1. Could you calculate the FRET efficiency of Asp56 with Cys81 from 1/(1 + (r/R0)^6), where r is the beta carbon distance between them and R0 is 22 Å, rounded to 0.05?
2. Rounded to the nearest 0.05, what FRET efficiency is calculated for Glu156 and Ser25 with R0 set to 22 Å and r the Cβ-Cβ distance?
3. Semi-axes of the equivalent ellipsoid of the stretch 148-188: what are they in whole Å, largest first, if each equals the square root of 5 times a C-alpha gyration tensor eigenvalue?
4. Could you work out the local net charge near Ile174, counting Lys and Arg as +1, Asp and Glu as -1, over the other residues with Cβ closer than 14 Å to its Cβ?
5. Note down the nm distance, to one decimal, between modelled labels 7 Å out along Cα→Cβ at Phe96 and at Glu171.
6. Under the rule of -39500 (n - 2.57) per DSSP H run of 4 or more residues, summed and divided by the residues of the chain, what mean residue ellipticity at 222 nm is obtained, to the nearest 500 deg cm²/dmol?
7. In degrees from 0 to 90, rounded to the nearest 10, what is the angle of the helix 171-197 Cα long axis to the longest principal axis of the chain?
8. Express in Å², to the nearest 10, the accessible area of His48 obtained by rolling a 1.4 Å probe over the protein heavy atoms while all chains stay in place.
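The values are calculated or read from the model by the stated rules, or taken from the named source; none is laboratory data. Since this is a predicted model, take the numbers as computed values, not measurements. Glycine gets a Cβ as well: all are built from the backbone with ideal geometry, and neighbour counts include every protein chain shown. Please note that ligands, DNA and RNA were not included when accessible areas were found on the heavy atoms of the full protein model with its side chains. Shrake-Rupley method; radii C 1.70, N 1.55, O 1.52, S 1.80 Å.
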Amino acid sequence: MSAQRIPKWFQAVAGATVALWLLVSIYYWAGAGGVRAHGASTSFERQHDFALLQIDDHRAFRVDKFGVNITKYRRGTFPFCPLCGVNESAGTVMNFAQYRKGDWVYTDLAQPFDEAVNLKTGEVINLSEGGGKLETPPPEFAARGLDFESANKLDEGRVLAEFTPLSTINESCIVFNMAFLLIFAALVVVGGVLVIRRPKEA
C-alpha cells in the first residue's frame, strides 16, 4: 500500500493495534493471568492451560488441573504455530494415569483408551471390560507385575521434573491472538479499500 494514499488516522489506528497486541503478548508470556486497563479487565482463562511433556516422538504426558494423562501430539497449525507454541494434543492414549512402576504407567480406571502404557517399548494394555474403577489388577496387569499399591502412585512432580517440556499451544493464547488476527484482517480490508478509493496526491 502507498503510504501517501493511506490516511494518517488509519496509520495511527493500525500502529496502536500492533502496539497493543505486542503489549498483551508480553504480558501473556510473562505469565500474567490477564490484563487490566482503565478499570476494565480481561482474563486469559489460564485455568484451562496444560503442559505437554515428551515421552517420544509421538506421545507425551499431558498435565493439567485434573491430573496426568497420556496423549498423542503433533505440530500445530499456522499461525498459532509459532505464535502460541509448536505442539498440540492430537488424540488421547490414556486418561487419568494413576500409577507408575518401572517403565509402565497405568490406571485403575477402565476406559475406552489404553489402561497401561510401557514408556520404553511402546507396549500397551487395552482392557475389553467396560468403564469403571478396577478394584484389583486384572490378569493383564498381574502378568507384568503391575499392582495398585500406594507406593506406586504416580508422582506428578516427578513427571514434571523428569520429562522434557514441549512448546505447547494453549487455548488461552489462541483466544486472544484470534481476536487480534480478526482485527488485523479487518484493517487490511479497510486499508485496501482506502488505497483503491483515495486519489493520488499531486
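1. Numbers: r = 20 Å, r/R0 = 0.90.
Efficiency for this residue pair is about 0.65.
2. Values: r = 29 Å, r/R0 = 1.32.
Efficiency, rounded to the nearest 0.05: 0.15.
3. On the way: eigenvalues 351, 22, 5 Å².
Over the Cα atoms of the stretch 148-188, the semi-axes work out to 42, 11, 5 Å.
4. Values: positive: Arg46; negative: Glu45, Asp49, Glu88, Glu171.
Net charge in that neighbourhood comes out at -3.
5. 2.0 nm
6. Details: 5 runs with 64 residues, N = 202.
Helix-only estimate at 222 nm: -10000 deg cm²/dmol.
7. The angle comes out at about 20 degrees.
8. Accessible surface of His48 is approximately 100 Å².
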